[in-house]
1. Anything in the stretch 1-36 that is among the hydrophobic types (A, V, I, L, M, F, W, C) and within 26 Å of T85 (Cβ to Cβ)? List them, or say none.
2. Any residue that is modelled with pLDDT of 90 or more, of a type in the set (A, V, I, L, M) and within 30 Å of G2 (Cα to Cα) - is there at least one of those in the stretch 67-84?
3. Among the residues of the stretch 73-100, which ones are in contact with a Pro (Cβ under 9 Å, 6 or more places away or on another chain), surrounded by fewer than 15 Cβ atoms within 10 Å (Cβ to Cβ) and in a helix (DSSP H, G or I)?
4. Being β-branched (V, I, T) and surrounded by 12 or more Cβ atoms within 10 Å (Cβ to Cβ) is the filter here; which residues of the stretch 1-34 pass it?
5. Quick one: which of V43, V64 is without any contact (Cβ under 8 Å) to a residue 24 or more places away in the chain, exposed (fewer than 12 other Cβ atoms within 10 Å of the Cβ), of a type in the set (A, V, I, L, M, F, W, C) and out of contact with any Gly (no Cβ under 7 Å at 6 or more places or on another chain)?
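The values are calculated or read from the model by the stated rules, or taken from the named source; none is laboratory data. Quantities reported herein were computed from a predicted structural model and do not represent experimental measurements. Here the Cβ is made from the backbone with ideal geometry for all residues, glycine too, and neighbour counts use every protein chain on show.
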Amino acid sequence: MGIELELIVLLALQLIGSSLFAKFEIETPALRKIVKWLILDGVTVGLYYLIGHFAILFPFLILVIGTIFHFRFCKKNGIDPLKATPKKKYYQLRHWKWED
């Protein structure tokens, strides 16, 4: 199997990640989300050509690092890392406009 394995893993991560973490990205501009995924995909595909199937470790490494950062950041700022609550405080932290 060639690069198909990496592409399947990336697709699965994007589908699952977008679904599970959508509540944390409500006000994030679509372009920013698209660029984030394109960078992740581009680096993974580029690594595939350099190191083969070991490139599949990159998205998982980013996922682990991102999850650790997310939990620490949320706990430090008094936000529930699984529910993004309280919503008003989360919006203020992300510098999004809160409408009552």
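1. Answer for the stretch 1-36, where residues must be among the hydrophobic types (A, V, I, L, M, F, W, C) and within 26 Å of T85 (Cβ to Cβ): L13, L15, I16, L20, F21, A22, F24, I26, A30.
2. Within the stretch 67-84, none of the residues are modelled with pLDDT of 90 or more, of a type in the set (A, V, I, L, M) and within 30 Å of G2 (Cα to Cα).
3. F73, K75
4. Residues satisfying the conditions are I3, I8, V9, I26, T28.
5. Of V43, V64, the one residue that is without any contact (Cβ under 8 Å) to a residue 24 or more places away in the chain, exposed (fewer than 12 other Cβ atoms within 10 Å of the Cβ), of a type in the set (A, V, I, L, M, F, W, C) and out of contact with any Gly (no Cβ under 7 Å at 6 or more places or on another chain) is V64.
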